[in-house]
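Note sheet for the following structure.
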Amino acid sequence: MATSTTTIRNDDEQQTAATPLELSTLNGNAMQQNTIKLPPRQYERRERLIIIKNVIIIGLAFMIHFTAFHGTSNLQSSVNADKALGTTTLAVIYGSLILSNIFLPMTVIRWFGVHLTMSLAFFAYMPYIAAQFYPRFETLIPAGLMVGFGGGPLWCAKFLALTLAGNETDSQSNSSSQLVGELCGARYCPGIGSEVNPNLIPPEPAKIQLLNSIFLICMVIAFLLMFFGVNSLKRYGVKRGETEEDLSGLKLLTATVNLLRTRRQLLILPITMFIGLEEAFLAVDFTKSFVACGWGISNIGFAMICFGVANAVAAGFAGGLAAKLGRTTLVALCAIVNLSLLAYMLHYTAQPNDYIKYCTFAAVWGVCDGVWLVVVNAFYGILFPKSLIAGYSNFRLWESTGSVIGYVISSQLCTSTKQMLLMFVLLVGCAGYGYIEFHIRKKQKHLENVLKE
C-alpha cells in the first residue's frame with residue numbers, strides 16, 4: 001500500500017516533519033485503510049500536566065458552549081413555534097452538519113490546525129444565539145447553516161485532540177388535570193397550542209432575551225477558554241499546513257462512503273442513527289409534549305438541568321463501567337433501561353406539575369444518552385482503528401441524519417408514534433451491535449486458539 005509522510009506547517013509557521021499519517025486510497029473495489037501512527041513518547045511530568053490541563057479546558061469549554069447551544073435548541077419548538085421556525089432551524093442545522101461532516105473536517109483542520117479549528121468553530125455558533133434576539137427565517141436559517149458547517153470540523157477536531165491526548169496518558173383543578181392528561185405526554189400531537197393549553201404560552205420576550213444574553217456570554221467564555229487556554233497540539237503530531245495527500249473534500253467523501261461497503265459499518269448504522277433520533281426527541285418532543293405541556297415552558301430548564309447532570313455523570317463513569325462489567329453487558333443494561341423508560345412514558349398519563357416524574361424522565365434519559373455516546377463513539381475507534389477520521393465522520397454523519405429525521409417528523413407525527421419508532425430503531429440497533437460483538441469475540445477466540453497451538 002502506498003503511504004505518504006505528511007509535512008505540515010506548525011502554528012509558529014515553521015516547517016517540521018509531521019507524524020506519519022497513512023491516508024486512505026482506493027485500489028479497485030478494495031479500500032486500503034488508514035492508520036494514524038503516533039510514535040511512543042515518554043513525557044516528563046510537566047508535559048503530562050500540560051496534556052491533562054488541555055483535556056480539562058477542552059472539556060470545560062465544550063460544557064459551557066453546549067450548555068448554551070442545547071439550552072437554546074431545547075426551547076426552539078416551544079418559543080419559536082410560529083410556522084415551525086424553531087424545528088425548521090434545527091433541521092437546517094443538522095442537515096448542513098451532514099454535508100459538513102463529509103466535506104470539511106480534514107480540509108479545515110489542515111488549514112488551521114486542531115486547536116484553532118475548535119476555537120473558530122465555537123465562534124461560528126455565536127450568530128445562532130444572537131439571531132434569537134430577532135427570530136426570523138432570514139436570521140435563524142443562515143445562523144443555523146453556520147452552526148452546521150462549523151460543527152463538522154469542531155467534532156472531528158475534538159475527537160482527534162482527545163484521541164491523541166489519550167494515546168499519551170491513559171396543584172391545579174380537576175378540569176386542568178384532565179386537560180393535561182388528555183393532551184400531553186405521549187398523547188400530544190402537533191397543532192395543540194397555547195389557546196388550548198395555557199401551559200404552552202411562551203415566556204415574556206424580555207425573559208427570552210435575557211436567557212439568550214446569558215447563552216451568548218457562555219459561548220464567548222467558551223471561545224476564549226478554547227483559544228487562549230489550550231496549548232498547540234503540534235507536539236502530539238498534529239500540525240497546521242499543507243499535505244502532499246490528505247482526506248479532504250472528495251477524498252474524505254470517498255473514504256466515508258467506502259466504509260459503507262463494510263458489514264461492520266452497516267450493522268452499526270441503526271444504533272448510531274438512534275442516538276441522533278433520541279437527542280432530537282429529547283430536544284423537541286420531550287421538552288414540549290411532557291415538560292412544557294404538563295408543567296409549563298418556564299420549567300423546561302429544571303428538567304434539562306436534571307438531564308445535563310445525569311448525562312455528565314453517566315458519560316464520566318461509562319468508560320470505567322465498560323471496563324468492569326464488559327462493553328456488551330453495559331450496552332445490554334442501557335438498552336433495557338432505555339426501552340423500559342420509553343415504554344413507561346408511552347403509557348404514562350401526564351399530570352400537571354408532576355415535576356418529580358418529568359425530572360426523573362430527563363435524568364434517566366441523560367444516563368442512557370451518556371452511555372450511548374461514550375460506548376458507541378469508542379466502538380467506532382475499535383471497529384475502524386485504521387480509518388479514524390472516516391470512522392468518526394461516519395459517526396457524526398449518521399447521528400446527524402438521525403437528528404434530521406427526528407426534527408422533520410416532529411411536526412408531523414404524534415408523540416406516541418415517535419416513541420414507538422424510537423423503540424423499534426433501538427431494537428434493530430442493538431441487534432446489529434450484538435452481531436458485531438459476537439463476531440469480534442469469535443475472531444478473538446479463534447486467534448487465541450491459534451496462538452496456543
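Observations on the structure shown:
- When residues in region 364-374 are screened for being open to solvent by 10 Å² or more (accessible area, probe 1.4 Å) and modelled with pLDDT of 95 or more, 3 of them pass.
- Residue that is most open to solvent (accessible area, probe 1.4 Å) [pool: residues in region 263-310 that are polar (S, T, N, Q) and farther than 14 Å from PHE395 by Cα]: SER298
- The residues of region 207-243 that are open to solvent by 40 Å² or more (accessible area, probe 1.4 Å), at pLDDT below 85 and either more than 28 Å from the chain's Cα centre (by Cα) or of a type outside the set (A, V, I, L, M) (or both), listed by number, are LYS207, ASN231, LYS234, ARG235, ARG240, GLU242.
- Residue tally, condition within 12 Å of GLN419 (Cα to Cα) and surrounded by fewer than 18 Cβ atoms within 10 Å (Cβ to Cβ), over region 311-340: 2
- Residue among LEU427, LEU447, LEU451 that alone is surrounded by fewer than 18 Cβ atoms within 10 Å (Cβ to Cβ) and modelled with pLDDT of 90 or more: LEU427
- Matching helices (runs of 4 or more DSSP H) fully within region 54-143 where at least 3 residues are over 24 Å from THR401 (Cβ atoms), open to solvent by 30 Å² or more (accessible area, probe 1.4 Å) and hydrophobic (A, V, I, L, M, F, W, C): 105-130
- Some residue of region 120-135 being aliphatic (A, V, I, L, M) and farther than 18 Å from ALA61 by Cβ: yes
- Matching residues, region 379-406, being closer than 23 Å to GLY95 by Cα, modelled with pLDDT under 90 and open to solvent by 10 Å² or more (accessible area, probe 1.4 Å): LEU388, ILE389, TYR392, ARG396, LEU397
- Residue ID - most open to solvent (accessible area, probe 1.4 Å), chosen from residues in region 194-203 that are modelled with pLDDT of 80 or more and over 15 Å from GLN76 (Cα atoms): PRO198
- Residue match in region 433-448 (condition: of a type outside the set (Asp, Glu), closer than 23 Å to HIS70 by Cβ and assigned to a helix (DSSP H, G or I)): no
- Qualifying residue in region 31-48 (condition: open to solvent by 70 Å² or more (accessible area, probe 1.4 Å), in contact with a helix residue (DSSP H, G or I) (Cβ under 8 Å, 6 or more places away or on another chain) and modelled with pLDDT of 50 or more): yes
The values are calculated or read from the model by the stated rules, or taken from the named source; none is laboratory data. The model shown is predicted, which means the values in this text are computed figures rather than measured ones. All Cβ positions, even for glycine, are placed from backbone atoms using ideal geometry, and neighbour counts span all protein chains on display. Each accessible area value is taken on the protein alone, full model and side chains, heavy atoms only, with ligands, DNA and RNA left out. Shrake-Rupley method; radii C 1.70, N 1.55, O 1.52, S 1.80 Å.
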